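Worksheet for the structure shown next.
The values are calculated or read from the model by the stated rules, or taken from the named source; none is laboratory data. In this text, all values refer to a predicted model and were calculated from it rather than measured experimentally. Every residue, glycine among them, receives a Cβ derived from its backbone with ideal geometry; neighbour counts consider all protein chains shown. In case anyone asks, the SASA skips ligands and DNA or RNA and just uses the protein heavy atoms, side chains included. Shrake-Rupley method; radii C 1.70, N 1.55, O 1.52, S 1.80 Å.
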Amino acid sequence: MKMLFFASFVCLFLLLSLTTVCMATSENEAAAKVSEAENAVNSTYEAVQGAEKAGANVTGLLSVLNETVGLLSEAEIAYKNGDLDGAIGKADQCVTVANGILNDALTLKSSASENAQMIFWSTLVYSSLGAGAFAIGLVLVWGWFSRRYIKKMLEMKPEVA
Amino acid sequence: MLRLEDYKILFIIASLIGTLLFASPSLALVIHLPGEEAFSEIWVLGSNRTTEDYPFNVKTGEVYKIFIGVANHMGSSSYYIIKAKFRNQTDPLPDSTVGAPSSLSELYKYHVILQNGEEWETQLTFSFSNISKVENRCVVGTLKINDVTLIVNKPASWNINYTGYYYQLLFELWIYNAETEAVQFHDRYCTIRLNMTLSSIS
């Protein structure tokens, strides 16, 4: 009887310890997932901002990114409320969506940078050619005008007052 | 009639103006003029979305509604985090002189990304419960913000001058800095003052 009681006590103790360890692991896992989601959102935002600075239209990406940060908020709320499974689920969703946006943002940034470079060099070349052509044209016009002026002056009859 | 020298000066001026006009697209790409001042806004509105009807005399169990808003005028898209904190009259406020946030821990957060010129506003509901009174001290046990129940255990002493137990809901505006890759306090905050009424206290 005593042995049975002792064995039951040991089993109960082991069960409780295991449950505590599992819960702690689950809470750590949820915290880690939420942190991972936060980092994913930060990286994605940086990429989108980089694309915006390169001149890309990021309105669509920002709209999706705002939904992603909404998922992050929901993950944090679930974690605060003790809904660890919910927190992990939302955090995983957030990471997946954020990574998708990240790839799009990097592609957009790359193409926007190429476009911006092409526009820069073509603008530089055309405006330089234009300025040069204008200056040369004006020099030619000046040459013609000065010759005509001198010729006109020489043809004029002097008047004696 | 003008002399040849005068015509020469006119041609030189015309050539300078014309060259500048043709070169202006290139100059615009290279020269960056200083833009407008960059800033952000944060505001709190009452239950009717105006600067009136702010909750003030609050009691246990009743749900109060306010609106929190943020606007972006930083010149490009910005990632904001609004942190809600709960303080009594002795807890520190953010320090505007050094741009430091309040040392209180946040109870609730909003994450929002706004394009330049964009505004965002949302409703926030809050309520109190487990309020107790010990001598001339009131202790708020639980604060519920939207769907989140938070154990705060925040005491407040009786304010002789203003006759009440005063608290504040504090909303700090933080912004993500891509250079430091960290969220930092944006040196902007707003508060609403609350008086825990005697009828609510057990």
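Could you work out the mean count of beta carbons from other protein chains within 10 Å of each residue's beta carbon in B:13-19? Walk me through the intermediate numbers first.
Details: counts 0, 4, 8, 2, 0, 6, 7.
Taking the mean over all residues of the peptide, I get 4.
Quick one: with all protein chains in place, what share of the accessible area of chain A is carbon or sulfur, to the nearest percent (1.4 Å probe)? Walk me through the numbers before you get to the answer.
On the way: 7110 of 10660 Å².
The value for chain A is 67 percent carbon and sulfur by accessible area.
If you count, for every residue in B:73-80, the Cβ atoms of partner chains within 10 Å of its Cβ, what is the mean?
Values: counts 0, 0, 0, 4, 11, 2, 11, 1.
Rounded to a whole number, the mean comes out at 4.
Could you name the lysines whose alpha carbon sits less than 25 Å from that of residue A:33, not counting residues in the same chain fewer than 8 places away?
Partners found: A:80, A:90, B:83, B:85, B:109, B:144.
In deg cm²/dmol and to the nearest 500, what is the mean residue ellipticity at 222 nm of the protein assembly as shown if only DSSP H runs of at least 4 residues count, each as -39500 (n - 2.57), divided by the residue total?
Details: 4 runs with 173 residues, N = 363.
Calculated mean residue ellipticity at 222 nm is -17500 deg cm²/dmol.
At 0.36 nm per residue, and after removing the present C-alpha to C-alpha distance, how many nm does the segment from residue A:148 to residue A:119 gain when stretched out fully?
On the way: separation 29, 0.36 × 29 = 10.44 nm, distance 4.26 nm.
Computed gain between residue A:148 and residue A:119 is 6.2 nm.
Leaving out ligands and nucleic acids, and using a 1.4 Å probe, what accessible area per residue does the stretch B:1-133 come to in Å²?
On the way: 7420 Å² over 133 residues.
Normalised by residue count, the accessible surface of the stretch B:1-133 is 56 Å².
Give me the extension gain from residue A:110 to residue A:13: residue separation times 0.36 nm, minus the current Cα-Cα distance, reported in nm with one decimal.
Details: separation 97, 0.36 × 97 = 34.92 nm, distance 5.93 nm.
Residue separation times 0.36 nm, minus the Cα-Cα distance, leaves 29.0 nm.
Round to the nearest 0.05 the FRET efficiency obtained for residue B:53 and residue B:116 when R0 = 51 Å and r is the Cβ-Cβ distance. Intermediate values should be presented prior to the final figure.
Details: r = 31 Å, r/R0 = 0.61.
Efficiency for this residue pair is about 0.95.
Assuming 0.890 mPa s and 25 °C, estimate D for the protein assembly as shown with Stokes-Einstein, Rh taken as the Kirkwood radius over Cα pairs, in µm²/s.
93
How many percent of Cα pairs in the stretch B:51-177 exceed 18 Å? Working shown, then result.
Numbers: 4765 of 8001 pairs.
When every Cα pair of the stretch B:51-177 is considered, 60 percent fall beyond 18 Å.
On a 0 to 90° scale, report how tilted helix A:59-80 is relative to the longest principal axis of chain A, with both axes built from alpha carbons and the result rounded to the nearest 10.
Helix A:59-80 sits roughly 20 degrees off the main axis of chain A.
Other chains' Cβ within 10 Å of A:144-153 residues: what's the mean?
Numbers: counts 0, 4, 4, 0, 0, 5, 1, 0, 1, 3.
Mean shielding by partner chains, rounded to a whole number: 2.
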